[in-house]
Amino acid sequence: MYGAQLIAALRRRDEQIEFFGVGGERMRAAGCDTVVDAKDLSVVGITEILSHLPKILGLYRHLIEEADRRRPDLAIVIDSPAFNWRVARQMKKRGIPVVYYVAPQFWAWRQGRVSLLRNYVDKALVIFPFEEKFYRERGVDTTFVGHPLADLPGPPIERKNYAGQFDLDLEKFWITLMPGSRVKEVRMNLPTILKAAEQLGHPYEFLMPVAPTLDRSFLQSLIGRQRVTLVPESLPALWHSRAGIIASGTATVEAAMMGTPFVMVYCVSSLTYLIGKPRVKVPHFAMVNLIAGREVVPELVQHDFTADNVVRRMQEIVPDGPARDRMLKGLIEVKARLRVPESGGESPAQHAADSAAEIILEMRRPRG
């Protein structure tokens, strides 16, 4: 999604630019020749990566071979640090400038790896406000360009029309369920989410957006006969929902942008958690809480992630009252912090992708 936004922003400034690399449907639609499909790299967890390593290495070599053949003017890597710092290193060896858009969250764990950015990246474009200071203090040329989701408007479809489209009951509260965007995440998170939904019961309609990286049939096989409506997009579901049960990740930022109160949940394999937990260097797991510097939304991670705990927390934020009001106020605060204000004013600057595009075009290596 971020890559597609960036391609569109760059194309608005220079229609002659050509793009190739790693991407999915949105980047292909924006005009990128995806020589590696992003779905093939969608693996989460330390132990889970090991079984996929031979395939990932093959895709990595294929990408580098394509770069040698096409000789790009500039390389832009987006997120996915385990894969992309290696790509950045190879591009740097070839004298190709490297921009890191949506920089790795090395501030959360493995802070020593910041040296990888210093050595192999010419410019880091970060999307969270606290990241600029963190990386600059460690010698990385960094600019906060705003979050790509910060300017998302509410979807235009009215609740009544949305209900008619998906056969939803207008008289009920709707709750959006988002278990993750990778198969492994969904297998770990969805069963407990579904148990919580079952306990919450008939007063609610449950919606589950189908992530682009997942197959509808896969989700349906896990849902079974439980009353959950699969929908194609997350933003309209969140916009019209009373609350959400949402796995840690970009979806939590989407919920904040839509002003939808939610409970953050997450679970990984026991071994991944055992290895990873001591290395975590931040006080919160939820990005919303990290941005606010306090707990805005509840975090139910690993052993705390039970159906009973989810239901208890949902019962606090669904009804009108102080708990819901505090969360709504906190989400508004988070949304404001994800924008870059114009110099000397309070109005928001241009979209993050446009800010990033201007910096990138200034860096592009001349042909010849």
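Being surrounded by 13 or more Cβ atoms within 10 Å (Cβ to Cβ), among the β-branched types (Val, Ile, Thr), without any contact (Cβ under 8 Å) to a residue 40 or more places away in the chain and out of contact with any Lys or Arg (no Cβ under 7 Å at 6 or more places or on another chain) is a property that does not hold for residue 98.
Scanning region 75-94 for residues that are out of contact with any strand residue (DSSP E or B) (no Cβ under 6 Å at 6 or more places or on another chain), surrounded by 17 or more Cβ atoms within 10 Å (Cβ to Cβ) and over 30 Å from residue 284 (Cβ atoms) returns a single hit, 90.
Only residues that are under 19 Å from residue 147 (Cβ atoms), in a helix (DSSP H, G or I) and without any contact (Cβ under 8 Å) to a residue 40 or more places away in the chain were counted in region 286-328, giving 1.
A Cβ distance below 8 Å, combined with a sequence gap of six or more or placement on separate chains, defines the contacts here; from region 1-16, residues that are without any contact (Cβ under 8 Å) to a residue 24 or more places away in the chain and in a loop (DSSP other than H, G, I, E, B) reach no residue that is small (Gly, Ala, Ser) and open to solvent by less than 70 Å² (accessible area, probe 1.4 Å).
Any residue that is touching a His at 6+ places or on another chain (Cβ under 9 Å) and among the basic types (Lys, Arg) - is there at least one of those in region 193-202? Give the steps one after another, and end with the answer.
First pass over region 193-202, keeping only residues touching a His at 6+ places or on another chain (Cβ under 9 Å): none.
No, region 193-202 has no match at all.
Return yes or no: is residue 154 surrounded by fewer than 22 Cβ atoms within 10 Å (Cβ to Cβ) and not in a loop (DSSP other than H, G, I, E, B)? Judged against the criteria, residue 154 is not a match. Only one of the listed residues (219, 190, 230, 168) is on the phi < 0 side of the Ramachandran plot, of a type outside the set (Gly, Ala, Ser) and in a strand (DSSP E or B). That residue is 230. Residue 103 satisfies every condition listed in (1) aliphatic (A, V, I, L, M); (2) at pLDDT below 80; (3) part of a loop (DSSP other than H, G, I, E, B); (4) out of contact with any His (no Cβ under 7 Å at 6 or more places or on another chain) except (2). Give me the residue from region 1-45 that is touching a Cys at 6+ places or on another chain (Cβ under 7 Å) and within 19 Å of residue 69 (Cα to Cα) and, out of that set, most open to solvent (accessible area, probe 1.4 Å). So, considering only residues that are touching a Cys at 6+ places or on another chain (Cβ under 7 Å) and within 19 Å of residue 69 (Cα to Cα), the one most open to solvent (accessible area, probe 1.4 Å) is 20.
Condition first: surrounded by 12 or more Cβ atoms within 10 Å (Cβ to Cβ), of a type outside the set (S, T, N, Q) and more than 14 Å from residue 242 (Cβ to Cβ). Now tell me which residues in region 303-324 satisfy that. Matches in region 303-324: 304, 305, 307, 310, 311, 312.
Residues are listed down the side, and each one gets a yes or a no for (1) modelled with pLDDT under 95; (2) open to solvent by 40 Å² or more (accessible area, probe 1.4 Å):
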site	(1), (2)
169	no, yes
172	no, yes
232	yes, yes
241	no, no
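Restricting attention to region 197-212 and to residues that are open to solvent by 40 Å² or more (accessible area, probe 1.4 Å), under 19 Å from residue 319 (Cβ atoms) and part of a loop (DSSP other than H, G, I, E, B), the residue that is modelled with the highest pLDDT turns out to be 203. Selection of region 111-142 for residues being open to solvent by 30 Å² or more (accessible area, probe 1.4 Å) and in contact (Cβ under 8 Å) with a residue 40 or more places away in the chain yields 111, 122, 129, 130.
For every residue, the table says whether it meets (1) at pLDDT below 85; (2) closer than 27 Å to residue 285 by Cα.
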| residue | (1), (2) |
| --- | --- |
| 37 | no, no |
| 53 | yes, yes |
| 68 | no, no |
| 71 | no, no |
| 96 | no, no |
| 142 | no, yes |
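The values are calculated or read from the model by the stated rules, or taken from the named source; none is laboratory data. What you are looking at is a predicted structure, and each value in this text was computed from that prediction instead of being measured. Note: ideal-geometry Cβ built from the backbone for every residue, glycine included; neighbour counts use all protein chains shown. What goes into the accessible areas is simple: the full protein's heavy atoms, side chains included, and nothing from ligands, DNA or RNA. Shrake-Rupley method; radii C 1.70, N 1.55, O 1.52, S 1.80 Å.
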